[in-house]
1. Tally Lys/Arg at +1 and Asp/Glu at -1 over every other residue whose Cβ is under 14 Å from the Cβ of B:VAL109; what's the total?
2. Compute the angle between helix C:118-129 and the longest alpha-carbon principal axis of chain C, please, reported from 0 to 90 degrees and rounded to the nearest 10.
3. Name the shape class, rounded, prolate or oblate, that the alpha-carbon gyration tensor gives for the protein assembly as shown, where a ≥ b ≥ c are the square roots of its eigenvalues, rounded holds for a/c under 1.5, and otherwise prolate holds if a/b is larger than b/c and oblate otherwise.
4. Out of all DSSP beta bridges in the protein assembly as shown, what portion is antiparallel? Express it as a percent rounded to 5.
5. When the helix-only estimate is applied to chain A (DSSP H runs of n ≥ 4, each -39,500 (n - 2.57), divided by the residue count), what is the mean residue ellipticity at 222 nm, nearest 500 deg cm²/dmol?
6. Going down the list C:LYS107/C:LYS128; A:LYS52/C:LYS128; A:LYS128/B:LYS52; C:LYS52/C:LYS107; B:LYS128/C:LYS52; A:LYS128/B:LYS128, which pairs span over 21 Å between their C-alpha atoms?
7. For segment B:72-136, would you read off the P(r) tail past 20 Å as a percentage of all alpha carbon pairs?
8. What is the distance in Å between the Cα centroid of segment A:62-100 and that of segment C:86-128?
Amino acid sequence: MKRFMLALVALTFSALAFGQVNVVYQLSDGVAQATRAMGNIRNHLNADPTVKIVVVAFGAGIDFLLDGAQTTTQQPFAGAIGELAGRGVEFRVCNNTLNSRNLSRDKVVMEAKVVPSGVAEIANLQAKEHFVYLRP
Amino acid sequence: MKRFMLALVALTFSALAFGQVNVVYQLSDGVAQATRAMGNIRNHLNADPTVKIVVVAFGAGIDFLLDGAQTTTQQPFAGAIGELAGRGVEFRVCNNTLNSRNLSRDKVVMEAKVVPSGVAEIANLQAKEHFVYLRP
Amino acid sequence: MKRFMLALVALTFSALAFGQVNVVYQLSDGVAQATRAMGNIRNHLNADPTVKIVVVAFGAGIDFLLDGAQTTTQQPFAGAIGELAGRGVEFRVCNNTLNSRNLSRDKVVMEAKVVPSGVAEIANLQAKEHFVYLRP
């Protein structure tokens, strides 16, 4: 019993102190924010190669994940999305946004997963899965 | 003693893993942000009916909580505020903002509670009351 | 052993419930955001004199920390920065931003410390040093 609890406490402390850093990036502002965010995330991965990053997009924030989307300098987002997905970044799109904008799922790039609610996703990642928050 | 500590650890773990999700929404950008936020919060409650949401407004973010405030499509905010308050959402207004803008408390809708400092409220909810953060 | 673990649990609980509140302020939007933030941080310290505040700036958010920077009302930022630094606020600047904008470190005010990555700094403060997040 004592040993079990010691292990439990040790586990908790080590997870908090040394464990995986998990970050949810909220994108909700449109392509200018998304353009900056691609660079932020690349820099974040370079600074901390073990960080786990999940991008949750809702509202105008989903635009960069639609097929054919372009950055503020008219580059396709596809390259950056593919590169970051290849480095382990996940992209999640709010289904409420798709519905309210009458967009079907097949307009969304294949790297992105659709979730029921962007805001609930962001809250739950923080409250239940030890993610910290960043809104670039 | 062992039993007490086991209960304590179990309590902590279950609270973290399965408990109430508490979210503070920061509104500090004006009526465009507040208009979007009313929809975000409605969607959040629909996705997770047990979520506890506290809206903390400061700076230009308090405008939607002033009497007679209208959304970007010229609808009164009163309807959405009343509806969300009825679903358990709390609204808190920064007193520093009221003072710096020479607004008296009676200009604020009755659903909102005045707190000394919006930023301190947001930090304290996160640091002391297990709230997670969302800035729509 | 029992005593040790009780102390550990008590320590953890008291740290969470009553301890120091640590807040990271993200500045990434330019001098308008920074102008507002100086007032927010002053109000925060007045409301909670024991709060620990670290400002992390990246992107356009670093502009107010460059020598000679002025607020939206053409006041030098130097006064507010010096005052807040004197009250214990720390300022950290993203080196990736300096590099991408070809700015040398000696353009940055002496109160600010350069960190490798602003976004990694913000995530690590939250994940590893018990900081909560605020983006004014």
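1. Every neighbour counted, the sum reads -2.
2. Result, in degrees: 20.
3. rounded
4. Percent antiparallel among DSSP bridges in the protein assembly as shown is about 10.
5. -13500 deg cm²/dmol
6. From the list (C:LYS107/C:LYS128; A:LYS52/C:LYS128; A:LYS128/B:LYS52; C:LYS52/C:LYS107; B:LYS128/C:LYS52; A:LYS128/B:LYS128), the Cα-Cα distance tops 21 Å for C:LYS107/C:LYS128; C:LYS52/C:LYS107.
7. The proportion of pairs with Cα distances above 20 Å equals 41 percent.
8. 28
The values are calculated or read from the model by the stated rules, or taken from the named source; none is laboratory data. No experiment lies behind these values; they were computed from the predicted model shown. Reconstructed Cβ throughout: ideal geometry from the backbone, glycine too, with neighbour counts over all protein chains shown. Ligands, DNA and RNA are stripped out before the accessible areas are found, and what is left, the full protein with its side chains, is counted by its heavy atoms. Shrake-Rupley method; radii C 1.70, N 1.55, O 1.52, S 1.80 Å.
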